[in-house]
Amino acid sequence: MSEILNELQEVKKASQEQTAASQAQTAEVSAKMGEIDKKVDDGIKEVTDASLAALQSLPFFTVNANNNFMKYITTSGGNPSPYKGGWGNGLDGKFETEIIPVTSGVDPESRHEIAKELMDFMGLGSNTRNFSGSFNILRIKNVSGLSSFPTFAFHIPWQHIKANNWTYMVYCRGVGFTSGPNETYNGSNQNDWRLYRRVYSQNEQAVGNYVNVDMWCGQSDAEIWLALPSIIPGIYPQGRKLPNLFNVTSMALDEHWNNYDALHNETDGVWNPVAQVIPSS
């Protein structure tokens with residue numbers, strides 16, 4: 001009997017030793033897994049930080065013309081539009097428009113209240129006298145009484161964006177307008193300033209995809225304020241406010257805008273910078 005008890009004790013001891021060894025091995029494996037997880041997390045963070053740093057260091061500029069809304073375009077009837085940006089055909093006279101300047105170098109108290117609100121939202125501060133790049137706010141109000149239209153109400157000139165990593169951004173405040181079907185222009189469509197941002201990217205098959213930056217009106221009482229519509233090459237960082245970036249298109253064409261009819265093809269509504277009138281020497 002004693003021999004049997006001794007054997008059982010030996011078995012129990014061996015089992016305990018095996019269990020202890022297994023637990024030690026499990027603890028060692030867990031520790032190694034923890035080290036691996038930490039290295040993976042550190043690697044992901046390092047790559048993410050490097051990517052973010054690279055993105056933050058990139059310079060950005062805009063390529064769309066007329067981001068200050070001050071260049072004339074002809075209406076569907078061939079007449080200079082009172083709105084200085086572009087209407088869809090058949091919408092002439094159905095909207096009231098107003099230009100509100102946001103000007104550097106003036107007494108801050110002299111600025112329009114809407115301009116002060118936007119400057120605070122942008123981080124400029126409404127009490128700031130001097131800043132880089134005066135610009136304008138465009139107010140658009142539906143005065144037709146209609147709640148739907150057969151075509152877009154407004155587009156950013158040269159708004160054709162190739163779907164190849166371009167960012168479209170615009171400051172907006174108001175209700176009743178959308179940037180496309182079922183998409184509100186300012187997020188929740190509330191009557192306060194928002195910075196609308198959307199990135200258009202190309203997949204490997206869709207080499208010819210593009211989007212037009214059109215604004216549609218869907219309410220009879222629609223009214224909106226817009227500022228600094230910007231088509232930006234690359235992916236503009238999420239969460240960064242939009243300044244008045246260099247606009248390479250406007251900078252290149254400004255010298256020709258005074259003869260705008262020569263730059264605009266009234267037949268198909270496209271801009272034609274080649275058809276410029278060269279002054280005689």
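Of everything in segment 92-143 that is of a type in the set (S, T, N, Q) and part of a strand (DSSP E or B), the residue that is surrounded by the most Cβ atoms within 10 Å (Cβ to Cβ) is 142. Restricting 123, 133 to those that are of a type outside the set (Lys, Arg), modelled with pLDDT of 90 or more and over 18 Å from residue 177 (Cα atoms) reduces the list to 123.
Residue selection: residue 7 fails the criterion of being at pLDDT 65 or above and of a type in the set (Asp, Glu). Listed by first and then second residue, the pairs linking a residue in segment 124-150 that is assigned by TED's automatic domain parsing to the domain that holds residue 178 to a residue that is assigned to a loop (DSSP other than H, G, I, E, B) and acidic (Asp, Glu), with Cβ atoms under 8 Å apart and 6 or more places separating them unless they lie on different chains, are 129/107; 142/221. Return yes or no: is residue 84 surrounded by 10 or more Cβ atoms within 10 Å (Cβ to Cβ), at pLDDT below 75 and part of a helix (DSSP H, G or I)? Considered against the rule, which asks whether it is surrounded by 10 or more Cβ atoms within 10 Å (Cβ to Cβ), at pLDDT below 75 and part of a helix (DSSP H, G or I), residue 84 comes out as no.
Among the residues of segment 157-214 satisfying the criterion of being hydroxyl-bearing (Ser, Thr, Tyr), assigned to a loop (DSSP other than H, G, I, E, B) and within 27 Å of residue 118 (Cα to Cα), which is modelled with the lowest pLDDT? Please lay out each step first, then the result.
Of the residues in segment 157-214, the ones hydroxyl-bearing (Ser, Thr, Tyr) are 167-168, 171, 178-179, 184-185, 188, 196, 200-201, 210.
Restricting the remaining residues to those that are assigned to a loop (DSSP other than H, G, I, E, B) gives 185, 188, 201.
Now narrow it down to the ones that are within 27 Å of residue 118 (Cα to Cα): 185, 188.
On the way: 185: 61, 188: 50.
Residue satisfying both the conditions and the ranking: 188.
The values are calculated or read from the model by the stated rules, or taken from the named source; none is laboratory data. Bear in mind that the values here come from a model prediction, so they are computed numbers and not experimental data. Cβ coordinates were reconstructed from backbone atoms using ideal geometry, including for glycine residues, and neighbour counts include every protein chain displayed.
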